[in-house]
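The block underneath contains the structure these notes are about, expressed in structure tokens.
The values are calculated or read from the model by the stated rules, or taken from the named source; none is laboratory data. None of these values were measured; they are calculated from a predicted model. Note that we place each Cβ from the backbone using ideal geometry, even for glycine, and neighbour counts take in every protein chain shown. The accessibility values were calculated without ligands, DNA or RNA, using every heavy atom of the protein model including side chains. Shrake-Rupley method; radii C 1.70, N 1.55, O 1.52, S 1.80 Å.
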Amino acid sequence: MNTLLHFQLKKELEDILGSEWVRDADVDIHPLIVDTWWATRMLEKNNLPLPKSEFVVQPAIAKEVSALLRIAQLYRIPIIPRGGSASDTAGSFALDRGIVLDMRRMNRVIDLDTTSQVVTVQAGIMMSDLEQILNAQGFTTNHLPASMYCSTVGGFLSTRGSGVLSSKYGKIEDLLLSAEVALPDGSVLRTCPVPRSSAGPQLSRLFVGAEGIFGVFTEITLQMFQLPEKRAFPAFAFKSLDDAFTAGRKIMTSGLKPAVMRVYDEADSRKMVQPVLGDVGTFEGLLVLGFDGTAEFVDLEVKIASEMCRSAGGTSIGEELGSKWWNHRYDFYYPPHTLESSSYMYAVTYTLARYREAPGLYRDLKHTLETKFAEHELEFVAHFSHWYEWGMSIYPNFIVRCPPEDPYEGYSLFIEIWRTAVEVMHRHNGTINEHHGTGFKLGRFYRDLEPERFELVRKVKTALDPKNILSPGMFGLEV
Ligand SMILES: Cc1cc2nc3c(=O)[nH]c(=O)nc-3n(C[C@H](O)[C@H](O)[C@H](O)COP(=O)(O)OP(=O)(O)OC[C@H]3O[C@@H](n4cnc5c(N)ncnc54)[C@H](O)[C@@H]3O)c2cc1C
């Protein structure tokens, strides 16, 4: 952008927010221009320039977000909503100049309705801050992802985030009652105050998982729950992973409601579980369950689920390991224990499939990646963490110990591994991702593998944002 235009735009942004809340890209805003995917680390390691934004702006209220969108329209400059920047899909930074809309100043609780157990917040509130406020009043959202300390409510809704209790409470979208959204033209939409209305389509859903391309969440109303009287975490060891899958599926389809249902494969128990919980033994399948609610009900659910595990070939390893797992549930990711060196190439090739297809998908993915990329010493470990009545998610990490020295060759290998992975997922009716979103990183695969859905997304995008100013380049759309 030429200097005069830059000065003029900066002045207009400052007129909206005040100079304190507008920053040029020239100042040190490094944490605001990258996210957690491997490629930005690779660029840094090779002293290559990181993607640059023109400005970072920090609004406090929805009216300011609207005004900023209008200015972006006038100047035809991209504007990219950003929460805690913990995503790993290149969804929250400017790919090619633009204004980064840092939402973290919009962090207030607006209304706490304890009668209906509903809370309304500004979209930039950190999940952990919201939980702390609710816990003090005896409530919780039960949305407890590992990144709750570094991600916002708006970010989670935009990527369909999932927490450790998802098997009972669902993903964040299942908590959503209504939302206020600033549209690309600067107008503000308030969706129906309650869901389940049959007066028209449920418009809030248009923005869930849309990674900011259709509008910016400014206010969000979520359901909340009372803190449970009791939590219990029985754990079971299985001689085969298939037996652990069978136990998990039978429990999930029985009408029981485990809040935690997590299976680790042998490699992941070694890589993820042992560094945190110590030597718990070597099992082909390790299943950690969690139940919460009133004490009487929890005890009954544990009893029934334990019988189901035993009849599927599981051996109880008591509740101590499970409780330890619960107390350390975030420690598995800080640092990720699968990564012993910062020079490794890595990614989580998250996917989701029905019970009929998921075990085959997992085996095919592991075999294909480990075989095809053997010369790069690709290692594949997985756990299975978010379960539904009809299927389960697969959380595989791939780790490449000796990626090519040359950055472009490294990038090409990364893309090739992903392409191979998403093709396997697609073959087994799995999704390209489960709860980290698609962003720029996976957008091209969405465009290639899901052309009808991509085409409809493109049409909606063109209708709402004809100048393509809001987060261009996501989902394989025009940059
Ligand atoms: C160590 C670690 C552990 C993680 N664990 C989990 C986990 O357990 N569960 C899970 O779901 N995820 C997890 N993640 C991923 C990450 O936390 C999620 O993708 C999260 O949803 C990102 O939220 P954020 O606030 O950080 O958003 P960002 O990363 O800043 O943005 C993510 C996307 O949302 C868009 N966006 C942000 N705010 C808004 C808004 N107000 N309106 C519209 N669009 C917006 C951005 O444009 C971008 O496309 C983890 C990440 C890390 C680094």
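Computed values, structure above
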{"item": "Per residue, the convex hull volume that the Cα atoms of the range 1-154 enclose (Å³)", "result": "125 Å³"}
{"item": "Surface accessible to a 1.4 Å probe, ARG354 within the full protein complex, Å²", "result": "120 Å²"}
{"item": "J(HN,Hα) series, the range 225-239, from Karplus relation 6.51 cos²θ - 1.76 cosθ + 1.60, nearest Hz, glycine and proline x", "result": "10, 6, 4, x, 6, 9, 10, 9, 10, x, 10, 9, 9, 10, 6"}
{"item": "Percentage relative contact order, the chain, counting C-alpha pairs under 8 Å, at least six apart", "result": "15 percent"}
{"item": "Among LEU289, ALA179, TYR334 - extreme Cα towards positive end, dipole of the chain, charges at beta-carbon", "result": "ALA179"}
{"item": "Net lengthening on full extension, ASP299/ARG419 (0.36 nm per residue, minus Cα-Cα)", "result": "38.7 nm"}
{"item": "Cα-based convex hull volume of the range 106-226 per residue, rounded to whole Å³", "result": "101 Å³"}
{"item": "Nearest-20 debye value, the chain charge dipole, Cβ charges on Lys, Arg, Asp, Glu", "result": "880 debye"}
{"item": "Sorted peptide list for 435-447, 115-127, 412-424, criterion being average Cβ within 10 angstrom, highest first", "result": "435-447, 115-127, 412-424"}
{"item": "The range 3-104 - accessible surface per residue (Å², probe 1.4 Å)", "result": "43 Å²"}
{"item": "Rounded if a/c under 1.5, otherwise prolate or oblate - the range 346-479, Cα gyration tensor axes", "result": "oblate"}
{"item": "14 Å reach of a label modelled at VAL479, 7 Å along Cα-to-Cβ, counting backbone N of the range 94-136", "result": "94-98"}
{"item": "Placed amide H near ALA347: partners under 5 Å, 5+ positions off or other chain", "result": "PHE398"}
{"item": "Of all accessible heavy-atom area on the range 106-226, the percent that carbon and sulfur account for (1.4 Å)", "result": "50 percent"}
{"item": "Amide H partners (placed H, <5 Å) of LEU177, local residues excluded", "result": "THR221, LEU222, GLN223"}
{"item": "Surface accessible to a 1.4 Å probe, per residue, for the residues of the range 342-437, Å²", "result": "39 Å²"}
{"item": "In Å², nearest 10: area of CYS402 left accessible to a 1.4 Å probe", "result": "60 Å²"}
{"item": "D_trans [Stokes-Einstein, Kirkwood Rh over alpha-carbon pairs] for the chain, 10 °C, 1.306 mPa s, µm² s⁻¹", "result": "68 µm²/s"}
{"item": "Extension gain from THR3 to ASN47, taking 0.36 nm per residue of separation minus the Cα-Cα distance", "result": "13.2 nm"}
